[in-house]
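The values are calculated or read from the model by the stated rules, or taken from the named source; none is laboratory data. Predicted, not measured: the structure shown is a model, and the values here were computed from it. Every residue, glycine among them, receives a Cβ derived from its backbone with ideal geometry; neighbour counts consider all protein chains shown.
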2 protein chains.
Amino acid sequence: MTLSQLTQQIHDKKSFLCVGLDVDLEKIPAHLLQEEDPIFAFAKAIIDATHDLCVAYKPNTAFFEAYGVKGWQALEKTINYLNENYPDHFTIADAKRGDIGNTSTRYAKAFYEDLSFDSVTIAPYMGKDSVEPFLDFEDKFAILLALTSNGGSTDFQTKSVDGKPLYQEVLKTASQYKNSDRLMYVVGATKAEYLSDIRAIVPDAFLLVPGVGAQGGSLSEVVKYGKNDQVGLLVNSSRGIIYASQGKDFAQAARAKALELQQQMAGLL
Amino acid sequence: MTLSQLTQQIHDKKSFLCVGLDVDLEKIPAHLLQEEDPIFAFAKAIIDATHDLCVAYKPNTAFFEAYGVKGWQALEKTINYLNENYPDHFTIADAKRGDIGNTSTRYAKAFYEDLSFDSVTIAPYMGKDSVEPFLDFEDKFAILLALTSNGGSTDFQTKSVDGKPLYQEVLKTASQYKNSDRLMYVVGATKAEYLSDIRAIVPDAFLLVPGVGAQGGSLSEVVKYGKNDQVGLLVNSSRGIIYASQGKDFAQAARAKALELQQQMAGLL
């Protein structure tokens with residue numbers, strides 16, 4: 001997928017919503033556990049109920065991997081279902097990978113080619129030769145962790161490096177990498193005013209913003225400080241949407257929560 | 001496995017060698033490609049040929065994941081083979097994971113419980129609540145990336161945070177985490193003199209040292225600067241051992257390279 005296709009979709013749907021698929025067998029409705037593949041059955045129902053309200057889906061690979069070979073098969077089924085039925089959606093493998101050159105290339109091929117994801121989340125700690133292999137693929141994108149929304153983000157990400165927080169150094173350095181136009185950045189919404197500084201460093205990049213709602217960030221502030229001319233935002237919600245109900249109405253409840261966010265977004269665009 | 005069992009094994013074998021299983025179908029001997037599961041067939045042959053010379057095995061999960069469901073099955077077979085036949089070896093899932101709390105717990109369970117690895121490598125960037133879930137399991141260890149041996153390590157790891165390189169800040173901060181006695185650290189051997197500073201911060205922890213040999217580090221310098229009273233070192237070699245020959249003699253050739261390293265280690269202990 002190209003960035004202009006993603007932007008067009010955002011305008012068409014008046015939505016920059018990404019639905020996070022963190023499928024947890026302990027949280028999905030009990031009646032689904034009788035299905036042959038409960039993980040996929042749940043993901044499929046959520047996708048079918050929300051696809052017209054969002055522009056992206058983000059399966060967190062940890063939740064699939066936790067179930068071993070079966071989980072991996074469910075991940076394959078989920079991305080294949082998305083690509084066959086909703087090919088216009090931007091797909092994100094939330095895998096937070098990162099390793100030295102050849103190994104990063106392996107991961108990139110696994111997610112971009114074998115599984116046909118549009119993008120994968122990656123960690124910056126190992127630097128350039130761990131990131132650039134993910135930028136070698138046309139119309140594929142790597143989404144680099146910059147400022148995350150968890151408590152531990154203050155351990156290192158906000159520590160001062162040459163007078164600036166480390167996450168800004170990550171943005172500045174990564175935006176010089178080869179093919180950095182294929183980079184997006186994870187930027188937590190817990191302190192939306194940070195987004196102004198971030199936009200000064202990466203004015204054109206898409207930002208994937210977790211932490212709106214449950215983790216406390218405000219959607220209007222994210223738009224105020226983070227939106228650029230091409231919108232340039234994907235706001236993710238996972239648990240708030242997919243676990244809105246644990247009853248048989250879970251898919252409709254998820255749709256209602258997604259609709260609420262989409263309507264807020266439409267008002268802010 | 002406990003740390004004292006690991007140390008005992010190091011003394012018994014006069015070896016602190018870890019063999020990295022980076023199984024690449026493009027590099028293994030061609031005759032193995034006819035096997036039903038060439039990845040496992042290769043890993044098994046390497047393990048059988050080297051087990052008495054090393055104390056640890058480290059499958060890099062990227063190489064397995066790159067082959068999708070089949071690769072994941074090969075990883076399961078490899079760790080099961082190790083645990084059934086060589087239960088005294090310390091096993092490392094080189095996965096470089098890291099995510100927020102609940103998700104890290106998922107990864108920890110997947111590697112420690114479902115796959116029964118003794119340890120898993122993890123990335124520090126997301127901080128405390130991404131690391132501590134990996135330290136909740138008795139006799140299981142998380143191996144945190146501190147200073148890696150790749151070129152990109154200078155992008156962030158050696159940048160100055162309050163006058164000290166970031167990797168030292170990582171060591172200092174992580175060694176304060178809950179259950180930090182279950183932490184080990186990845187420390188590249190490319191600049192062995194860094195090991196003195198590292199030992200001053202984490203005197204008792206095991207260090208997993210890649211980059212000896214192919215990547216230029218010297219084994220004697222690693223021992224000089226990095227050894228502690230309990231040895232406290234695992235030195236990894238991957239390609240130098242497992243791809244010593246691409247012919248039918250690959251397992252014997254791997255053994256010869258492992259023996260060379262083990263004999264050097266015996267001389268240094």
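In this structure, is B:F90 within 19 Å of B:S116 (Cα to Cα) and within 14 Å of another protein chain (Cβ to nearest Cβ)?
Judged against the criteria, B:F90 is not a match.
Would you tally the residues in region A:126-155 being touching a helix residue (DSSP H, G or I) at 6+ places or on another chain (Cβ under 6 Å) and over 11 Å from A:R182 (Cβ atoms)?
Qualifying residue count for the region: 11.
Quick one: would you say B:C18 is over 30 Å from B:G127 (Cα atoms), crowded, with 21+ Cβ neighbours inside 10 Å and in contact (Cβ under 8 Å) with a residue 60 or more places away in the chain? Outline the logic, then answer.
Numbers: over 30 Å from B:G127 (Cα atoms): no; crowded, with 21+ Cβ neighbours inside 10 Å: yes; in contact (Cβ under 8 Å) with a residue 60 or more places away in the chain: yes.
No: the conditions fail for B:C18.
Looking at B:G101, B:G20, B:G68, can you tell me which residue is of a type outside the set (F, W, Y) and on the phi > 0 side of the Ramachandran plot?
Numbers: B:G101 fails: on the phi > 0 side of the Ramachandran plot; B:G20 fails: on the phi > 0 side of the Ramachandran plot.
The match here is B:G68.
Please specify each residue of region A:39-53 satisfying the condition of being free of Cβ contacts under 8 Å to residues at least 40 places away in the same chain and within 14 Å of chain B (Cβ to nearest Cβ).
The answer is A:I39, and nothing else.
Within region B:116-132, take every residue that is touching a strand residue (DSSP E or B) at 6+ places or on another chain (Cβ under 7 Å) and more than 7 Å from chain A (Cβ to nearest Cβ) and give me the one that is farthest from B:K172 (Cα to Cα).
The extreme case among them is B:F117.
I'm trying to understand the selection: among the residues of region A:145-154, which are surrounded by fewer than 24 Cβ atoms within 10 Å (Cβ to Cβ) and not hydroxyl-bearing (S, T, Y)?
Within region A:145-154, A:N150, A:G151, A:G152 meet the criteria.
So, of the residues in region B:154-179 that are β-branched (V, I, T) and touching a strand residue (DSSP E or B) at 6+ places or on another chain (Cβ under 8 Å), which turns out to be farthest from A:V131 (Cα to Cα)?
B:V161
Here are the criteria: (1) within 21 Å of A:L147 (Cβ to Cβ); (2) surrounded by fewer than 24 Cβ atoms within 10 Å (Cβ to Cβ). Tell me which single one B:K140 does not satisfy.
Answer for B:K140: the failing condition is (1).
Scan region A:218-263 residue by residue and report those that are of a type in the set (A, V, I, L, M, F, W, C) and over 20 Å from the mean Cα position of the chain (by Cα).
A:F250, A:A251, A:A253, A:A256
Pairs needed: first member in region B:54-81, more than 8 Å from chain A (Cβ to nearest Cβ); second member anywhere, of a type in the set (S, T, N, Q) and part of a helix (DSSP H, G or I); C-beta distance under 7 Å; at least 6 residues apart or different chains.
Within 7 Å, the pairs are B:V55/B:Q9; B:P59/B:T78; B:L75/B:T61.
Could you count how many residues in region A:38-68 are small (G, A, S) and over 11 Å from A:I242 (Cβ atoms)?
Residues flagged as small (G, A, S) and over 11 Å from A:I242 (Cβ atoms) within region A:38-68 amount to 5.
Among the residues of region B:168-186, which ones are hydrophobic (A, V, I, L, M, F, W, C) and within 12 Å of chain A (Cβ to nearest Cβ)?
Filtering region B:168-186 down to residues hydrophobic (A, V, I, L, M, F, W, C) leaves B:170-171, B:174, B:183-184, B:186.
Matches in region B:168-186: B:V170, B:L171, B:A174, B:V186.
Which of the residues that make up region A:109-132 are assigned to a helix (DSSP H, G or I) and surrounded by 23 or more Cβ atoms within 10 Å (Cβ to Cβ)?
A:A110, A:F111, A:S130, A:V131
Could you tell me which residue of region B:1-38 is farthest from B:F117 (Cα to Cα), considering only residues that are within 14 Å of chain A (Cβ to nearest Cβ) and within 19 Å of the chain's Cα centre (by Cα)?
Among residues in region B:1-38 that are within 14 Å of chain A (Cβ to nearest Cβ) and within 19 Å of the chain's Cα centre (by Cα), the one farthest from B:F117 (Cα to Cα) is B:D24.
B:A108 - would you say it is at the interface with chain A (Cβ under 9 Å from one of its Cβ atoms) and hydrophobic (A, V, I, L, M, F, W, C)?
It is false that B:A108 is at the interface with chain A (Cβ under 9 Å from one of its Cβ atoms) and hydrophobic (A, V, I, L, M, F, W, C).
Please go through region A:133-153 and pick out each residue that is assigned to a helix (DSSP H, G or I) and more than 7 Å from chain B (Cβ to nearest Cβ).
Result: A:P133, A:F134, A:L135.
Condition (residue is modelled with pLDDT under 95 and within 11 Å of chain B (Cβ to nearest Cβ)) applied to region A:194-209: is it met by at least one residue?
Looking for residues that are modelled with pLDDT under 95 and within 11 Å of chain B (Cβ to nearest Cβ), one finds none in region A:194-209, hence no.
Does B:D99 satisfy the condition of being without any contact (Cβ under 8 Å) to a residue 12 or more places away in the chain, closer than 17 Å to A:D99 by Cα, at the interface with chain A (Cβ under 9 Å from one of its Cβ atoms) and acidic (D, E)?
The answer is no for B:D99.
Quickly run through region B:68-90 and pick out the residues that are buried (at least 24 other Cβ atoms within 10 Å of the Cβ) and among the hydroxyl-bearing types (S, T, Y).
Listed by number, the list holds a single entry, B:T78.
For region B:109-154, what are the residues that are of a type outside the set (S, T, N, Q) and at positive phi?
Of region B:109-154, the ones of a type outside the set (S, T, N, Q) are B:109-115, B:117-118, B:120, B:122-129, B:131-147, B:151-152.
Selection gives B:G127, B:D139.
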